[in-house]
There are 2 protein chains.
Amino acid sequence: MLFPSNLGVLVMGKRVVIALGGNAIKQPEEEGTVEEQLRNVDTACAQIASIVRKGYDIVVTHGNGPQVGNLAIQQEQSKEIVPPQPLVILGAMTQGQIGYMIQQSLRNQLRGLNKNVVTIITQVLVDKNDPDFLDPHKPVGPFYTEEEAEKLIAEKGWTIRKVRNHDERPWRRVVPSPEPLDIVEGKIVKHLVDLGSIVIASGGGGIPVVLDENGDLRGVDAVIDKDKAGEVLAEAVEADIFLILTDVDCVKLNLGKPDEKNLRELRSFMARAYLKEGHFPPGSMGPKVEACIRFVEHGGEKAIITSLDKGLEALEGKVGTVITGS
Amino acid sequence: MLFPSNLGVLVMGKRVVIALGGNAIKQPEEEGTVEEQLRNVDTACAQIASIVRKGYDIVVTHGNGPQVGNLAIQQEQSKEIVPPQPLVILGAMTQGQIGYMIQQSLRNQLRGLNKNVVTIITQVLVDKNDPDFLDPHKPVGPFYTEEEAEKLIAEKGWTIRKVRNHDERPWRRVVPSPEPLDIVEGKIVKHLVDLGSIVIASGGGGIPVVLDENGDLRGVDAVIDKDKAGEVLAEAVEADIFLILTDVDCVKLNLGKPDEKNLRELRSFMARAYLKEGHFPPGSMGPKVEACIRFVEHGGEKAIITSLDKGLEALEGKVGTVITGS
């Protein structure tokens, strides 16, 4: 059948939530043309397809940093002729953009397998009293001159900080990065996975929403860490394994020092100790390790951190860092 | 429960696919700010919510003309610093953007009802040999000077036509508007509706894809008529009723002439005759009536065309044009 329906067939494989790093869609040295992005997505999806062919049952989540950054620049550049959309809407746009590319590539690479592939636009609940709303620090979008920065602060109420020196545009908007609490569409995602579909969800960490005083959901301009949101998604779909695919083969102690050491197996209490000792930088390996600790301490079987091209090998125990409970 | 799961409960109401016109998201006189769009979406969703409360089982589809047009302008304006994304990707972005707004508004307005609301990123299959690919005529994006037009024709291979006179920018890109053949994610949408979810799908007429020589899906720069795609979606989910909500109360004969007449009930063979006589302009009421004819001739119970604020009244037979089979 051209577009197969496997709905109703229960899948019995291990359930894996795969969190794709930014390099799965745009390499650091690239500009971000559609040709580059489609090629990168095909490469990432070849790895995911090899995992699916081994019988794993998967949910895919992904970052959106470069894509949402480009959209933010486009909003600014065209603001005199087109009303700029806020960050929360740009995040929703990137879920459509990236979800479409992944969904099509996976369908093409797996069409013999009778799998439905689907992207769910996903809202992620955060606490409107999350302390990050009072002290935002996640930089997004273009850089500004002091004059531009002052204008945006006055007009839009943005928080803008000086994020670099020695440059005529040292200012940049910072937004909160609140903790994800719940995946609003989590039950639908779980249900579709229960029935054997491959689901792409919570892209870019999800569209951040708060519950207002009336109990209504409202979008907020914030950026949720995609690995932390991926972990909440993994709990929501009752995943066995949380697999973070990034740009390094495994987590390291004493990174960049003479006594640098690969960590291959890591109990969560040790991971927590290393985290406290500052081995894993915030904004990079830190939130990934935190998300893995949380996953295994909330009942997940194991969490794995490895590079994009080694996902299947890592699931088979050959490479990567495997984090297990206490 | 905060985010209720009604999965597993079979719904027995009549199934309605609702096609929202452009005015549901942006009014013609508006610029398209996020505040305007959220307010319009809330109004449209109040109407949809009243339909859901009467026990109808619904799927929502929507246009994306102004939104995709704004994104196309932004691509052009920023092309020196950000790689422009092609039309097919912009379409995927608008599904995320508009789907998110509708999904959130419906959830807020219906949260007592234990309904899941979800947006599915939707690809719509078209024939790569559709005659429209050889003779594109659907205008999209910004207007150009002759010089700009010539440059884009040379650089991108676009088809650009002179679409107005007496203006320094009379040129505009035209793209094919092929016939929709199938909803790639149709079975997933039907399944979710079977289980009582409200699904938003095939926004902007869907992301147009063709099957290439290898059997792979590939996106193409084209615009599928959203009412025609909505009709194919209505068939895919086995809808009873196809409801087009637009900016007029009902379809008219001799529009704008002294003998103008409201059509309240219309058999499909008569609709076809009026269509041939030129009563329904192409690009406006024409494709809507065509889509309705097709729906009832393919087994649908009835199709209705009415204005956005009269959806429920029209379902109750009080207003609107009802089209039924032969």
- Task: Determine whether A:E148 is away from chain B (no Cβ under 13 Å), under 22 Å from A:K79 (Cβ atoms) and surrounded by fewer than 19 Cβ atoms within 10 Å (Cβ to Cβ).
- Result: yes
- Can you give me the number of residues within the stretch A:30-42 that are touching a residue at least 60 places away in the same chain (Cβ under 8 Å) and surrounded by fewer than 21 Cβ atoms within 10 Å (Cβ to Cβ)? 2
- Task: Answer with yes or no whether B:M101 is within 16 Å of the chain's Cα centre (by Cα), farther than 18 Å from B:Q47 by Cα and hydrophobic (A, V, I, L, M, F, W, C).
- Result: no
- Those residues of the stretch A:274-326 which are polar (S, T, N, Q), at pLDDT 95 or above and more than 19 Å from the chain's Cα centre (by Cα), in sequence order: A:T324
- Message: Kindly evaluate A:A234 against the criterion of being farther than 16 Å from A:G286 by Cα, of a type outside the set (D, E), buried (at least 24 other Cβ atoms within 10 Å of the Cβ) and in contact with a Lys or Arg (Cβ under 7 Å, 6 or more places away or on another chain).
- Response: no
- Taking the condition touching a strand residue (DSSP E or B) at 6+ places or on another chain (Cβ under 6 Å), crowded, with 17+ Cβ neighbours inside 10 Å, farther than 15 Å from B:S202 by Cβ and at pLDDT 95 or above, does B:Y56 pass? yes
- Name the single residue, out of those in the stretch A:182-204 being more than 10 Å from chain B (Cβ to nearest Cβ) and over 17 Å from A:N64 (Cα atoms), that is surrounded by the most Cβ atoms within 10 Å (Cβ to Cβ). A:I198
- Query: When residues of the stretch B:281-326 are filtered for being among the β-branched types (V, I, T) and in a loop (DSSP other than H, G, I, E, B), how many remain?
  - Reply: 1
- Message: Consider the stretch A:205-232. How many of its residues are at the interface with chain B (Cβ under 10 Å from one of its Cβ atoms) and at positive phi?
- Response: 1
- Query: Is one or more of the residues making up the stretch B:134-148 in contact with a strand residue (DSSP E or B) (Cβ under 9 Å, 6 or more places away or on another chain) and within 30 Å of B:D194 (Cα to Cα)?
  - Reply: no
- Query: Which of the residues spanning the stretch A:209-224 are under 15 Å from A:I183 (Cβ atoms) and crowded, with 23+ Cβ neighbours inside 10 Å?
  - Reply: A:V209, A:I224
- Can you name every residue in the stretch B:160-218 that is free of Cβ contacts under 8 Å to residues at least 24 places away in the same chain and acidic (D, E)? B:E168, B:E213, B:D216
- Task: Scan (1) touching a Gly at 6+ places or on another chain (Cβ under 8 Å); (2) modelled with pLDDT of 95 or more; (3) small (G, A, S) for the single condition A:G22 breaks and write down its number.
- Result: (2)
- Message: Can you tell me how many residues within the stretch B:145-166 are part of a strand (DSSP E or B) and either touching a helix residue (DSSP H, G or I) at 6+ places or on another chain (Cβ under 7 Å) or of a type in the set (A, V, I, L, M, F, W, C) (or both)?
- Response: 1
- Name the residues in the stretch A:26-69 that are within 23 Å of A:G283 (Cβ to Cβ) and β-branched (V, I, T), would you? A:V60, A:T61, A:V68
- Would it be correct to say that B:D249 is under 30 Å from A:I102 (Cα atoms) and not β-branched (V, I, T)? no
- Is it the case that some residue within the stretch B:162-169 is at pLDDT 95 or above and in contact with a Ser or Thr (Cβ under 9 Å, 6 or more places away or on another chain)? no
- Within the stretch B:300-315, identify whether any single residue is of a type in the set (D, E) and touching an Asp or Glu at 6+ places or on another chain (Cβ under 6 Å), and answer yes or no. yes
- Message: Looking at B:L233, B:L181, B:L211, can you tell me which residue is at pLDDT 95 or above and closer than 24 Å to B:C45 by Cα?
- Response: B:L233
- Any hit, the stretch B:264-275, residues being among the aromatic types (F, W, Y) and surrounded by fewer than 24 Cβ atoms within 10 Å (Cβ to Cβ): yes
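The values are calculated or read from the model by the stated rules, or taken from the named source; none is laboratory data. Keep in mind that this is a model prediction, so the values were computed, not measured. Because the Cβ atoms are built from the backbone with ideal geometry, glycine has one as well, and the counts that use them run over all protein chains shown.
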